[in-house]
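First up is the structure itself, then whatever we jot down about it.
The values are calculated or read from the model by the stated rules, or taken from the named source; none is laboratory data. These figures come from a predicted structure and were not determined experimentally. Note: ideal-geometry Cβ built from the backbone for every residue, glycine included; neighbour counts use all protein chains shown.
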Amino acid sequence: MKKIFLFLTICLLLVVFYLSFTARPLFAQGEIESSQNVSYRITQDAKAHVTHQVKLTNLTTNYYASEYSLFLGFKDIADITAFDSQGPIDVSINEEESGTQIHLIFRA
């Protein structure tokens, strides 16, 4: 049991480390502020449940975020949902050779 916990802890740290260096800049950088809160829960059967909360804030009235993409460096992903204050948002998922691209298009 201790070996499994150690293995999962190391995997979790590697994922956090990877995600912190793969953040892509916004095209309207300086016009839109983003903040993220990521939480992880590892179950007894060694599955990771990840919640990735992203908040985008317009700093001016000239720009707004029309879409958002997140790239994860692994492929074994299931049960992806996205929503905003108005309800569910359609999620486009594209598996690539090096991971998974998650793309959201916001309502106007």
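Tabulated data for the structure shown
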| item | result |
| --- | --- |
| Of residues in the range 24-83 being out of contact with any strand residue (DSSP E or B) (no Cβ under 6 Å at 6 or more places or on another chain), exposed (fewer than 11 other Cβ atoms within 10 Å of the Cβ) and of a type in the set (Asp, Glu), the one nearest to Thr100 (Cα to Cα) | Asp76 |
| Matching residues in the range 84-94 - criterion: being loosely packed, with under 11 Cβ neighbours inside 10 Å and acidic (Asp, Glu) | Asp90 |
| Complete set of residues in the range 17-48 that are modelled with pLDDT under 85 and either more than 26 Å from Ala108 (Cβ to Cβ) or β-branched (Val, Ile, Thr) (or both) | Phe17, Tyr18, Leu19, Ser20, Phe21, Thr22, Ile32, Ala46, Lys47, Ala48 |
